[in-house]
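S.K.: Sending over a structure as structure tokens; questions will come in a sec.
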Amino acid sequence: MTEISRRAFVLGAGASAVVMTSPAAWAAAVPEGRDVHGEVLRDATMVWKRLPSGWQNGPFLGNGFLGVHVYNKGGEGNVLRFMLNHSLVQDQRGQWEAAIGYSRLPIGYLTLTFAGTVTAVDWRLDLERAELTGTVTTTLGSVRLSALVLSHRGVLLVSTTPSPGEESVVWGFTPLPSYTTRTIRRPPEYSGNPEPVVADGYVEQPMHAGGGYTTAWREVRNGTERVLAATIVYGYPDSTGVEEAVRNVRHVLDGNPEAHVLVHRRWWQRFYRRSLVSIPDKLLQRFYWIQLYKIASATRANAPVVTEWGPWFPEAGNSWTNIWWNLNVQVSYPLINGSNHPELDAITTTFRKYRENLELNVNPDYRDGKSYALCHPGDHMLRPGPRYVGVPGVSPNDHTGNLTWGMHNVWLAYRHSMDDRVLREVLHPILTGAINYYARFLVEGSDGRLHLPETRSPEYANASDATYDLSLIRWGCRTLLDSADRLRLDDPLRPRWQEILTRLVPYHAGEQGVMIGANVPLAESHRHYSHLLWLYPLQESLDRRSFEHWASMRERWHGYSFAAASSMETLFGNPEEALSYLRFFIDGNVVDNCAITPNTMYREGGNLAIESPLAAAQSVLDMLIQSHGGVVTVFPAVSATWADVSIERLRTQGAFLVDAWRSDSRTEWIRIRSEAGEPLRIRHGVEGPIEVRDEYGKSLPYRGTETIEIPLRRGETALITRQGQRPSRPQDVPANGSSPAWGLP
């Protein structure tokens, strides 16, 4: 290996271009029998008739670790870039805060260089197969291509077939500088990592902290058909990953690439068939399914929790170089619960695996072995570097609610599975530490109430008795008491939790509703709905006045603000308003220089993110099914413009799986299966006399009218229908209008 300056390394037709003895380009997909999921996914296919120019409008691929964007950089008329990134690749210099010392690092991009200038593209991102297919037309010919990131191996496969005139199309790789792109608080002594080592078929990037990462690639050929495999391996602390990266590429190409592609396709087909959502608004329906594709491309239970960009590090980067826990992670993951995808729950896995690092987030003066906190930014191991969660009453005092809100995500995962191991091993012990941290700062006021000294209400102002923190303390104490009952724990802290619930000061309120905190009203537009957390997602109570005051000032709202407003309106039972907020966001309206992008990513000025679209997909689910307060509600906020709706296997709290059908603006039937034998109360919405039967047609006893209680044991199913009605098969309901595909159609 020879160390040279950072430059593009072009893969020619020499030793690294292997001639194949059998076709390696995977076979074209054989059409399968028609099915509702196939129809929905084909309709949601993303389309590119124009050449994408970057992160905001290019097709994207991923498997929770390896992430790929495809686009053309302006001025490179004959080059496609395949931007490669990996969610594990980060620096390891803990002497600096996480966004710098543990910063995710840019890696580089493959280049596909054509003989002629690109004049047109015709691409389709097939969601069902998680595969980009199509053609690139140039002034000298064309190239057919297919690209995917294997769901199970973290390898990019790209099949290319050039026409006459483009036989010389060639792959190359350009490494990017290995340093943080964050400039905020970057110390003057910071320096990037060493220059890469470029070799034949791989680039090895060492790090100052030890170890490093390697990008390896190789192309095989059979006549005009070619297949490139590329991968990234992170080797910290003991290696740079060279041997493993080269071995992974060799294993896929020298083995049976088609077999790997088949495993990949089967994974994605099974993934989508865990649930179904079909609505007449096809722009929104496509958007929803693309978010499922996105979240499964961005995370898995054994992968890091998503950063602002998911695994797709933008080429220019920006300041969001690691994981933000003050809202961004928390609003990205609820979607996985209702859509029945617990296999994507990286949050619970992360807290289970790295719990011991939570104490590192506590200021050293307050570490007692019993208190936990969570800073932002942090890395995927919950390490903050030398930054700590703020101390109430002492400035700066930010980040105080991050961990408790993160525990709400774990609680949602638990409630949707009713797996007591999550309660016992993750939620109860960590939430105990989070409340311990809060409890040590609560002080008795002259009113006899417990008050919280000044903290930072996220992104708005400092306040004593900050509503954000008080709502999390209330939820945390109530949840700890409930979990102790569930687990039959004689917890010595139970009296303290009960005392806090009894004596905690009420939220400060004025004429316009609940305030930010004591003597701090909401006086201007606030994108972060932190002071309304008690309304959503904690669902402690409803207060229209507080919501309307927040919603009356939208000039500083961002995408997740509109998603939250939509979900809040579903709680109030206002479907048209809920849909209006959601459509305003996905229709591409620009507010405060923020907007959704053509590929359903999201931008905030020059910063890029993925959490707002994922939160908006949860808002779709909130219209279709809810399960708070011990009651499952079917179609709680469905617009009058949605005459027909079909859902299948949507998961609710209590571990119920729900199928339902709405036709001609009325609910026809509901099927609900119990996975845990929890008490079932369901607000069914079926008009007129109903029948309740089991899966074999036998009548089931029930109590109630509009909300009924059905005794279901684990594994049993109930069918609720209008009298004489029988369930139909799930289907992709008819569209109520036309709308373009997502992408650049």
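What follows is calculated from the coordinates using simple rules that are stated; it is not laboratory data. These figures come from a predicted structure and were not determined experimentally. Neighbour counts run over all protein chains shown; Cβ positions are idealised from the backbone, glycine included.
S.K.: Quick one: Karplus J couplings for segment 650-667, per residue in order, coefficients 6.51, -1.76, 1.60, θ = phi - 60°, nearest Hz, x for Gly and Pro?
M.R.: Computed from phi, the couplings for segment 650-667 are 6, 9, 10, 4, x, 6, 10, 10, 10, 10, 7, 9, 10, 9, 6, 6, 9, 6 Hz.
S.K.: Just rank V733, V68, V692, fewest to most, by other beta-carbon atoms within 10 angstrom. Working shown, then result.
M.R.: Values: V733 21, V68 26, V692 18.
Starting with the residue having the fewest Cβ neighbours, the order is V692, V733, V68.
S.K.: Towards the positive end of the charge dipole of the chain, with charges on Cβ (+1 Lys, Arg; -1 Asp, Glu), say which of S146, Q498, Q90 has the farthest Cα.
M.R.: S146
S.K.: What does the charge count near L253 come to, summing +1 for each Lys or Arg and -1 for each Asp or Glu among other residues with Cβ under 14 Å from its Cβ?
M.R.: On the way: positive: R153, R218, R221, R226, R247, R250; negative: E219, E225, D254, E258.
With Lys, Arg at +1 and Asp, Glu at -1, the neighbours total +2.
S.K.: Now for a separate question. Add +1 for every Lys or Arg and -1 for every Asp or Glu among the other residues with Cβ under 12 Å from the Cβ of G677, and state the total. Walk me through the numbers before you get to the answer.
M.R.: Values: positive: R673, R713, R714; negative: E675, E678, E716.
With Lys, Arg at +1 and Asp, Glu at -1, the net is 0.
S.K.: Hey, if you put +1 on the Cβ of every Lys and Arg and -1 on every Asp and Glu Cβ in the chain, which of G62, L542, I672 ends up farthest toward the positive end of that dipole?
M.R.: Working it through, the farthest residue towards the positive pole turns out to be I672.
S.K.: Would you mind working out the magnitude of the charge dipole of segment 2-275 relative to its Cα centre, with +1 at each Lys and Arg C-beta and -1 at each Asp and Glu C-beta, to the nearest 20 Debye? Numbers along the way, then the final one.
M.R.: Details: 27 positive and 25 negative charges, 124 e Å.
In total the dipole reaches around 600 debye.
S.K.: Can you give the helix-only mean residue ellipticity at 222 nm for the chain, where every DSSP H stretch with n ≥ 4 adds -39500 (n - 2.57) and the sum goes over all residues, rounded to the nearest 500 deg cm²/dmol? It would help to have the intermediate numbers written out before the result.
M.R.: Numbers: 16 runs with 183 residues, N = 745.
Roughly -7500 deg cm²/dmol at 222 nm, from the helical runs in the chain.
S.K.: Can you sort R226, R703, R250, R129 so the residue with the fewest Cβ neighbours within 10 Å comes first? List each step's numbers first, then the result.
M.R.: Working: R226 22, R703 10, R250 15, R129 18.
Final ranking by Cβ density, sparse to dense: R703, R250, R129, R226.
S.K.: Kirkwood Rh over Cα pairs of segment 322-535 into Stokes-Einstein at 20 °C, 1.002 mPa s: D in µm²/s? Please report the intermediate quantities before stating the final value.
M.R.: Values: Rh = 17.5 Å.
It comes out at roughly 123 µm²/s.
S.K.: To the nearest 20 debye, what is the magnitude of the charge dipole of segment 529-598 about its Cα centre, counting +1 on the Cβ of each Lys and Arg and -1 on the Cβ of each Asp and Glu? List each step's numbers first, then the result.
M.R.: Values: 5 positive and 9 negative charges, 18 e Å.
Charge dipole, segment 529-598, about its Cα centre: 80 debye, nearest 20.
S.K.: What residue among W123, P164, N436 has its Cα farthest toward the positive end of the dipole of the chain, where the charges are +1 on Lys, Arg and -1 on Asp, Glu, each on the Cβ?
M.R.: P164
S.K.: Roughly how compact is segment 107-208, stated as its Cα Rg over 2.2 N^0.38 Å to two decimals? Before the final figure, lay out the partial values.
M.R.: Working: Rg = 18.1 Å, N = 102, 2.2 N^0.38 = 12.8 Å.
My calculation over the Cα atoms of segment 107-208 gives 1.42.
S.K.: Continuing with the same structure: Using Cα positions and a limit of under 27 Å, work out the lysines in reach of K49, with same-chain residues fewer than 8 apart set aside.
M.R.: Cross-link targets: K73, K282, K294.
S.K.: I'd like the distance between the alpha-carbon centres of segment 275-296 and segment 49-123, rounded to an integer number of Å.
M.R.: Going from one Cα centre to the other spans 25 Å.
S.K.: For a footprinting-style exposure proxy, rank W268, W325 by other Cβ within 10 Å, fewest first. Spell out each step's value before the answer.
M.R.: Working: W268 21, W325 24.
Least crowded to most crowded, the residues run W268, W325.
S.K.: Can you give me the convex hull volume of the Cα atoms of segment 446-582, divided per residue and expressed in Å³?
M.R.: Working: hull volume 16.6 nm³, N = 137.
Value for segment 446-582: 121 Å³ per residue.
S.K.: Give the label of the value calculated from the structure for Cα Rg over 2.2 N^0.38 Å, choosing from (1) 1.02; (2) 1.07; (3) 0.98.
M.R.: Identified label for the calculated read-out: (3).
S.K.: Are there trypsin sites (Lys or Arg not before Pro) in segment 436-504 that DSSP puts in a loop and that have at most 15 other Cβ atoms within 10 Å, and which ones? All intermediate terms of the calculation are to be shown ahead of the outcome.
M.R.: Working: sites: R440, R449, R456, R474, R478, R486, R488, R496, R503; in loops: R440, R449, R488.
Answer by residue number: R440, R449, R488.
S.K.: A further question on this structure: For segment 632-722, what percent of Cα pairs sit more than 23 Å apart? Could the numbers behind the result be given before it?
M.R.: Numbers: 658 of 4095 pairs.
Cα-Cα pairs of segment 632-722 separated by over 23 Å account for 16 percent.
S.K.: Any idea what the dipole of the chain comes to, in debye rounded to 20, about its Cα centre with Lys/Arg Cβ at +1 and Asp/Glu Cβ at -1? Present the calculation step by step, with values, prior to reporting the outcome.
M.R.: Details: 74 positive and 79 negative charges, 185 e Å.
My answer is approximately 880 debye.
S.K.: Would you mind computing Rg(Cα) / (2.2 N^0.38 Å) for segment 545-632, counting N as its residues? Intermediate results must be reported in sequence, preceding the final value.
M.R.: Values: Rg = 13.2 Å, N = 88, 2.2 N^0.38 = 12.1 Å.
So the Cα radius of gyration is 1.09 times the expected 2.2 N^0.38 Å.
S.K.: Would you list, by chain and number, the aspartates and glutamates whose Cα falls below 13 Å from the Cα of K370, excluding same-chain residues fewer than 8 positions away?
M.R.: Filter leaves E356, E359.
S.K.: If we count every other residue with Cβ under 13 angstrom of M623's Cβ, Lys/Arg +1 and Asp/Glu -1, where does the sum land?
M.R.: Computed value for this residue: -3.
S.K.: Normalising by the residue count of segment 507-573, find the relative contact order in percent from Cα pairs under 8 Å and 6+ residues apart. Show your work: numbers first, answer last.
M.R.: Numbers: 67 pairs, mean separation 21.9, N = 67.
Once normalised by length, the contact order is 33 percent.
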